[in-house]
1. Can you tell me which of (1) more than 21 Å from the chain's Cα centre (by Cα); (2) on the phi > 0 side of the Ramachandran plot; (3) without any contact (Cβ under 8 Å) to a residue 60 or more places away in the chain is the one GLN89 doesn't meet?
2. Tell me which residues, restricted to segment 145-180, are in contact (Cβ under 8 Å) with a residue 60 or more places away in the chain and crowded, with 17+ Cβ neighbours inside 10 Å.
3. Take the residues in segment 44-74 that are in a strand (DSSP E or B) and surrounded by 21 or more Cβ atoms within 10 Å (Cβ to Cβ); name whichever of them is nearest to the chain's Cα centre (by Cα).
4. List every residue pair whose Cβ atoms sit under 7 Å apart, with the two residues 6 or more apart in sequence or on different chains, where the first one lies in segment 125-144 and is farther than 18 Å from PRO201 by Cβ and assigned by TED's automatic domain parsing to the domain that holds VAL104 and the second, anywhere, is among the charged types (D, E, K, R) and buried (at least 17 other Cβ atoms within 10 Å of the Cβ).
5. Looking at LYS194 and the list (1) farther than 30 Å from LYS27 by Cβ; (2) in contact (Cβ under 8 Å) with a residue 60 or more places away in the chain, which single condition is not satisfied?
6. Among the residues of segment 162-181, which ones are of a type in the set (Ser, Thr, Tyr) and closer than 16 Å to ILE137 by Cβ?
7. If we scan segment 100-109, do we find a residue that is crowded, with 17+ Cβ neighbours inside 10 Å and closer than 19 Å to CYS169 by Cα?
8. Among the numbered criteria (1) crowded, with 17+ Cβ neighbours inside 10 Å; (2) assigned to a helix (DSSP H, G or I), which one does ILE38 miss?
Amino acid sequence: MNAKQILRQHDFRPKKSWGQNFLISDKVKDKIIEAAEIGEADTVIEIGPGLGVLTESLVKCSRKVIAIERDERLCRILKELLAGVKNLQIVCRDILKIDLPDLVDCRSIKVVGNLPYYITTPIIFHLLKFRKIIDLILITVQKEVGSRMLAAPGSRDYSSLSVAIRFYCHPILVGLIKKGSFYPRPKVDSSIIKMKVLKQPSAGVKDEENFFKLVRTSFNKRRKIVLNALAGSDYFGLNKKEWLVIFEKAGLDPGRRAETFSVTEYAKLSNLI
């Protein structure tokens, strides 16, 4: 039974406001499963299982799958479609309200998911909070978001999201997904992004909260040079002269823009504040 038939049978109408676009391509499904590197001893968190296309394959190659679905209607459908699968736990809650360590009985997990476009970034940052128990994150995201996730310094797409991901992970583009691989058909193509979580952040910082505050402040006014963006903010209580001293100590040009600074360079500035 295909996705359209399942939705018709259950009189289910996808919510556009929740970004409900269900994967229907077996070719894409196989590519995701292969890239996720799932082993028979692995515990997998699946975000947004939808109609269970990926879930069916994940339960066959892993120790346990915990499928987190916000929509109660979909939870009911999933429980019916996958009834009797012993290594599957369906959790009908909002991923943003879940502390992942409370769900798992192991020290290491992998995360797979087709993320709703409208809430992709908050979910990524939420997952990174639990990076100590996550080995790998493999997610399908809007192509534009994928470009920001993978962007390097100097790129137009480079952002605070790019910095955060490069700080905690090694991101890789697995591939692109055409709109027709989903039902209902979205307006844009998607990207499959794999993030291997680093055992230690890619740069040494004294205070991670301070580091990310600096990064966000720098990108808040990305049309300005970094010096003006930082000096015009009340976050750190430093004037332009004090910032100039910090840049000089770091050996960095204060006339550059936020998108030109690497993770390591932001770390240098952060450690001098």
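1. That leaves (2) as the condition not met.
2. PRO153, TYR158, SER159, VAL163, ARG166, PHE167, VAL174, ILE177
3. ILE47
4. LEU138/LYS194
5. With (1) farther than 30 Å from LYS27 by Cβ; (2) in contact (Cβ under 8 Å) with a residue 60 or more places away in the chain applied to LYS194, the lone miss is (1).
6. SER162, TYR168
7. Yes - at least one qualifying residue is present in segment 100-109.
8. For ILE38, the exception is condition (2).
The values are calculated or read from the model by the stated rules, or taken from the named source; none is laboratory data. Predicted, not measured: the structure shown is a model, and the values here were computed from it. Glycine gets a Cβ as well: all are built from the backbone with ideal geometry, and neighbour counts include every protein chain shown.
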